[in-house]
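Report on the following structure.
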Amino acid sequence: MTEERIVIRRAGPLHGEVAIPGAKNSVLKLMAASLLADGCFTLTNVPDIADVGIMADLLTAIGLRSEQVQPGTMRLVNDGAIVPVAPYELVERIRASINVLGPLLGRCGRVSLSLPGGDDFGSRPIDMHLKGLEAMGATFVLRHGVVEASVRTPDERLHGAEITLEFPSVGATENILTAAVYAKGTTVIDHAAREPELADLCNFLVAMGAQIEGIGSPRLVIHGVEPGSLHATDHEVVPDRIQAATYLAAVAVSGGEVVLRGARGDHMEMLLRRFHEMGPTITASPAGLAVWADGRLHSIDVATLPYPGIATDYKPLLVTMLAVADGVGIVTENLYPGRFRYVEELQRLGADIRADGHHAVVRGVPRLSGAPVRAPDIRAGAALVIAGLAADGETTLTGVQHIDRGYDDLVGRLASLGADIERVVSS
Ligand code: EPU
């Protein structure tokens, strides 16, 4: 059996410019929301990642047609022939498949959805999604791993509701939002998630004709429109702040001077502040972000929080930076239990990290040392690549398929900046 690997060797400072692709966690939601209206949607700045292909397959199974018009441009055609069934073979491959629930329930009044899989870093329940939709008139029955959803109102249409989320869950906010656009009356989502990708979804829905107030705030007010009245639209996907942070981390551990074309500093303010405390100089301009780094990083303490806090998806990058920083840093994970599984892989590279429950204590060492490692999920995989840039000798990374789920040519982009990195196929 052949397996792809990424081979990384320590290189000198990085120099040049990279374009930041569209965000995985936006494009997948926009694609799902295209179930809401008939017509032809054109999405631009679409990242070339595996999850986009899986979501396209899922939407095809439901009744849409998708094609890549040119690199970065996708056309989705919805002619209304929708079968609201999301089959297990596709759903289990991608967490964001849960995002078809809101649009299908709002549009068709019923859905049959296998429970989603996703990343291997702990339990990821959907109770808040279901509770919110129940308040709008939906009922759910779980049978044989399949959630059967229906709307038990006289006209089989969801109705508006006042919903306060216990936690600003991204997925729950998105599903309630996309169901509410066709509901009768007004839905209020309090304590809503406010990630930039969620605002991107709101703007997409507004361009389709939805009525949404409070975009970007923790209180979304959605005035339902007549069923069938939304229309297709064209939209440019918001740049990926997590991919941008990955290139910042690469420069932080390698030194150098790089421009991230298209990166949105205003979507990463808290992170940029913390990076700055660690040493690198980052400046924002309308064209993107410029980063300059030289010398050893300084340790900081950091805790993950919902936006505008430090995203949990940045954390493996921060732990990697702390692993080679001067001093001791304490990292606290507030979103997922057990999202420290990659720590053992970093330890193989010589990192001094003690992780227990939600906390990790990272004692920086001057140098890591290259070794074979395996990517356990997308973000940890990318962080191990960055660790490889900071390690003497050769680091060989397997589990490359995880990185391909969310990174558009990470290896090619890093190589273009002067990193010593390549993909190899070995048996
Ligand atoms: N939660 C519940 N019940 C729910 C929903 C969430 O307990 O009904 C809990 C989760 O178990 C978790 C926390 O709330 O502990 C956060 O979950 P959230 O719903 O906000 O996350 P998500 O929508 O499942 C998205 C991203 C993740 C990212 C999180 C947090 C997508 C497809 N995924 O997940 O991204 O970590 O928001 O920002 O958008 C990734 O891209 O690698 C990734 C994992």
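Every test in (1) in contact (Cβ under 8 Å) with a residue 40 or more places away in the chain; (2) more than 16 Å from the ligand (Cβ to nearest atom) is passed by Ser26 save one, and that test is (2). The condition of being within 30 Å of Pro71 (Cβ to Cβ) and more than 16 Å from the ligand (Cβ to nearest atom) holds for only one of Val411, Val362, Val373, Val385, that being Val411.
Residues that are open to solvent by 20 Å² or more (accessible area, probe 1.4 Å), under 22 Å from Pro280 (Cβ atoms) and not small (Gly, Ala, Ser) within region 10-41 comprise Arg10, Pro13, His15, Glu17, listed in sequence order.
Please tell me if Leu105 is modelled with pLDDT of 95 or more, over 30 Å from Ala375 (Cα atoms), among the hydrophobic types (A, V, I, L, M, F, W, C) and within 16 Å of the ligand (Cβ to nearest atom).
Numbers: modelled with pLDDT of 95 or more: yes; over 30 Å from Ala375 (Cα atoms): yes; among the hydrophobic types (A, V, I, L, M, F, W, C): yes; within 16 Å of the ligand (Cβ to nearest atom): yes.
Taking the combined requirement at face value, the residue satisfies it.
Yes/no matrix, rows are residues, columns are (1) open to solvent by less than 70 Å² (accessible area, probe 1.4 Å); (2) more than 19 Å from Asp240 (Cβ to Cβ):
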| site | (1), (2) |
| --- | --- |
| Ala252 | yes, no |
| Gly256 | yes, yes |
| Gly262 | yes, no |
| Leu271 | yes, no |
| Gly279 | yes, yes |
| Thr283 | no, yes |
| Arg296 | no, yes |
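Picking from Pro196, Pro168, which residue would you name as being farther than 24 Å from Ala232 by Cα, surrounded by 17 or more Cβ atoms within 10 Å (Cβ to Cβ) and in contact with a Phe, Trp or Tyr (Cβ under 9 Å, 6 or more places away or on another chain)? Being farther than 24 Å from Ala232 by Cα, surrounded by 17 or more Cβ atoms within 10 Å (Cβ to Cβ) and in contact with a Phe, Trp or Tyr (Cβ under 9 Å, 6 or more places away or on another chain) holds for just one of Pro196, Pro168, which is Pro168. Annotation: of all residues in region 54-73 being within 19 Å of Thr178 (Cβ to Cβ) and not in a helix (DSSP H, G or I), the one that is farthest from the ligand (Cβ to nearest atom) is Gly63.
Among the residues making up region 122-139, those that are buried (at least 17 other Cβ atoms within 10 Å of the Cβ) and within 11 Å of the ligand (Cβ to nearest atom) are Ile126, Met128, His129, Leu130, Gly132, Leu133. The condition of being away from the ligand (no atom under 16 Å from the Cβ), open to solvent by 20 Å² or more (accessible area, probe 1.4 Å), in contact with a helix residue (DSSP H, G or I) (Cβ under 6 Å, 6 or more places away or on another chain) and not hydroxyl-bearing (Ser, Thr, Tyr) holds for His235.
Is it fair to say Asn203 is closer than 30 Å to Gly265 by Cβ, open to solvent by 40 Å² or more (accessible area, probe 1.4 Å) and polar (S, T, N, Q)? Here the answer is yes, as Asn203 does meet what is asked.
Using the structure shown, decide if Glu166 is under 17 Å from the mean Cα position of the chain (by Cα), within 14 Å of the ligand (Cβ to nearest atom) and on the phi < 0 side of the Ramachandran plot. No. Residue selection: Leu142 fails the criterion of being within 21 Å of Ala96 (Cβ to Cβ) and either surrounded by 15 or more Cβ atoms within 10 Å (Cβ to Cβ) or within 12 Å of the ligand (Cβ to nearest atom) (or both). Of everything in region 298-311 that is touching a strand residue (DSSP E or B) at 6+ places or on another chain (Cβ under 7 Å) and part of a loop (DSSP other than H, G, I, E, B), the residue that is surrounded by the fewest Cβ atoms within 10 Å (Cβ to Cβ) is Asp301. If you scan region 171-193, which residues turn out to be in contact with a Phe, Trp or Tyr (Cβ under 8 Å, 6 or more places away or on another chain) and away from the ligand (no atom under 11 Å from the Cβ)? Passing the criteria: only His191. Taking region 197-276 as the region of interest, the strands (runs of 3 or more DSSP E) fully inside it that hold 2 or more residues being hydrophobic (A, V, I, L, M, F, W, C) are 219-223, 256-261. Of everything in region 312-355 that is in contact with an Asp or Glu (Cβ under 8 Å, 6 or more places away or on another chain) and buried (at least 22 other Cβ atoms within 10 Å of the Cβ), the residue that is farthest from Arg194 (Cα to Cα) is Ala323. For Gly338, state whether it is at pLDDT 95 or above, in a loop (DSSP other than H, G, I, E, B) and at positive phi. No, not satisfied.
The values are calculated or read from the model by the stated rules, or taken from the named source; none is laboratory data. No experiment lies behind these values; they were computed from the predicted model shown. Here the Cβ is made from the backbone with ideal geometry for all residues, glycine too, and neighbour counts use every protein chain on show. Remember, those area values only see protein heavy atoms, side chains included, never the ligands or the DNA or RNA. Shrake-Rupley method; radii C 1.70, N 1.55, O 1.52, S 1.80 Å.
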